[in-house]
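One structure is given here, and the rest of the page talks about it.
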Amino acid sequence: MQIDVVTLDNGQAGSIDLSDEVFGVPVRADILSRAVTWQLARARAGTHKVKGRSEVRATGAKLYKQKGTGRARHGSRRPGVFRGGGRAFGPVPRSHEIDLPKKVRRLALKCALSAKQAEGKLVIVDSAALDTPKTAELVRRLGALGWGSALVIDGAAIDANFRNAARNVPHLDVLPSVGANVYDILRRDTLVLTKAAVEALEARLK
């Protein structure tokens, strides 16, 4: 499929032919959901921890006699019913990762790219580079292009001036082509690819 190429100055820079094998596959919501769940699960640190009954420091002596007080029966200060007691079945450090086959991950990335293309929210720029790392200049260009919430994916390396200028712009993410992922593509309204990014993604996913 043919799509127009623009510049950061909102000018025209010809057109580019996108592969239907990467940008024209049927969009499957179930595959996208599985990929996002897998990605967010991998991002979890899994370092949550509370002390259990065997880990808190408290007396193990019987608090009061078993019968005759009218109170509940207790033999220790460590249960969770007491202030400072150990929590029952509390969180412990663990990995939240789940398995997802590589073929499904590749298909999910194709579906994400194809979804943006089908919605008309895919933009191709000739390059993402600036002469100076000025945030105000980049914001002015983004306003002229109408990119409010956008993900910019460049080639193997990101232009240093563009990366520094985009650092403080809200709702704007910048990634190299190797970092392209389903979650970041879907969480932003507009997907912006450079020509180098298109070549890298097609070589990666074909």
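Has the range 53-61 got at least one residue that is surrounded by 12 or more Cβ atoms within 10 Å (Cβ to Cβ), touching a Leu at 6+ places or on another chain (Cβ under 9 Å) and not hydroxyl-bearing (Ser, Thr, Tyr)? Full working, then the answer.
Our first condition is that a residue be surrounded by 12 or more Cβ atoms within 10 Å (Cβ to Cβ); within the range 53-61, this holds for 53, 55-56, 58.
Adding the requirement that they be touching a Leu at 6+ places or on another chain (Cβ under 9 Å) leaves none.
Scanning the range 53-61, I find no residue that is surrounded by 12 or more Cβ atoms within 10 Å (Cβ to Cβ), touching a Leu at 6+ places or on another chain (Cβ under 9 Å) and not hydroxyl-bearing (Ser, Thr, Tyr), so the answer is no.
Restricted to the range 178-206, and to residues there that are of a type in the set (Lys, Arg) and out of contact with any helix residue (DSSP H, G or I) (no Cβ under 7 Å at 6 or more places or on another chain), the residue that is nearest to Thr7 (Cα to Cα) is Lys195. Annotation: of all residues in the range 141-163 being charged (D, E, K, R) and in contact with a Ser or Thr (Cβ under 8 Å, 6 or more places away or on another chain), the one that is farthest from Val125 (Cα to Cα) is Asp159.
Look at (1) over 15 Å from Thr190 (Cβ atoms); (2) in contact with a helix residue (DSSP H, G or I) (Cβ under 9 Å, 6 or more places away or on another chain); (3) in a loop (DSSP other than H, G, I, E, B) and you find that Gly84 fails only one, number (2). Taken over the range 146-177, the criterion of being farther than 30 Å from Val104 by Cα, exposed (fewer than 15 other Cβ atoms within 10 Å of the Cβ), of a type in the set (A, V, I, L, M) and touching a helix residue (DSSP H, G or I) at 6+ places or on another chain (Cβ under 7 Å) is satisfied by no residue. Return yes or no: is Gly68 farther than 30 Å from Ala200 by Cβ and surrounded by 14 or more Cβ atoms within 10 Å (Cβ to Cβ)? Criteria not met by Gly68. Residues in the range 25-49 that are surrounded by 14 or more Cβ atoms within 10 Å (Cβ to Cβ), closer than 29 Å to Val92 by Cα and among the aliphatic types (A, V, I, L, M): Ala35, Val36, Ala41.
Would you confirm whether or not the range 89-102 contains a residue that is surrounded by 14 or more Cβ atoms within 10 Å (Cβ to Cβ), within 17 Å of the chain's Cα centre (by Cα) and at pLDDT 95 or above? The answer is yes, given that some residue of the range 89-102 is surrounded by 14 or more Cβ atoms within 10 Å (Cβ to Cβ), within 17 Å of the chain's Cα centre (by Cα) and at pLDDT 95 or above. Of the candidates Arg34, Arg53, the single residue that is within 29 Å of Leu205 (Cα to Cα) and of a type in the set (Lys, Arg) is Arg34.
Go through the residues of the range 24-46 one by one and say whether even a single one is in contact with a Phe, Trp or Tyr (Cβ under 9 Å, 6 or more places away or on another chain) and over 15 Å from Leu100 (Cβ atoms). Even if it seems obvious, please write down each step before you answer.
So the first thing to find is which residues in the range 24-46 are in contact with a Phe, Trp or Tyr (Cβ under 9 Å, 6 or more places away or on another chain), and the list is 35-36, 39-40, 43.
Okay, now just the ones that are also over 15 Å from Leu100 (Cβ atoms), so none.
Within the range 24-46, not a single residue is in contact with a Phe, Trp or Tyr (Cβ under 9 Å, 6 or more places away or on another chain) and over 15 Å from Leu100 (Cβ atoms).
Evaluation of Val92 against the conditions (1) free of Cβ contacts under 8 Å to residues at least 24 places away in the same chain; (2) within 30 Å of Ser33 (Cβ to Cβ) shows that the sole unmet condition is (1).
For the range 2-17, a residue qualifies if it is outside any strand (DSSP E or B) and in contact with a strand residue (DSSP E or B) (Cβ under 7 Å, 6 or more places away or on another chain), and the qualifying residues are Thr7, Leu8.
Looking at the range 32-62 only, could you name the residues that are of a type in the set (Ser, Thr, Tyr) and modelled with pLDDT of 95 or more?
So the first thing to find is which residues in the range 32-62 are of a type in the set (Ser, Thr, Tyr), and the list is 33, 37, 47, 54, 59.
Selection gives Ser33, Thr37, Thr47.
Taking the range 100-193 as the region of interest, the helices (runs of 4 or more DSSP H) fully inside it that hold 1 or more residues being within 19 Å of Arg204 (Cβ to Cβ) are 102-118, 182-187.
Among the residues making up the range 178-198, those that are surrounded by fewer than 15 Cβ atoms within 10 Å (Cβ to Cβ) and among the charged types (D, E, K, R) are Arg187, Asp189.
The values are calculated or read from the model by the stated rules, or taken from the named source; none is laboratory data. Keep in mind that this is a model prediction, so the values were computed, not measured. Neighbour counts run over all protein chains shown; Cβ positions are idealised from the backbone, glycine included.
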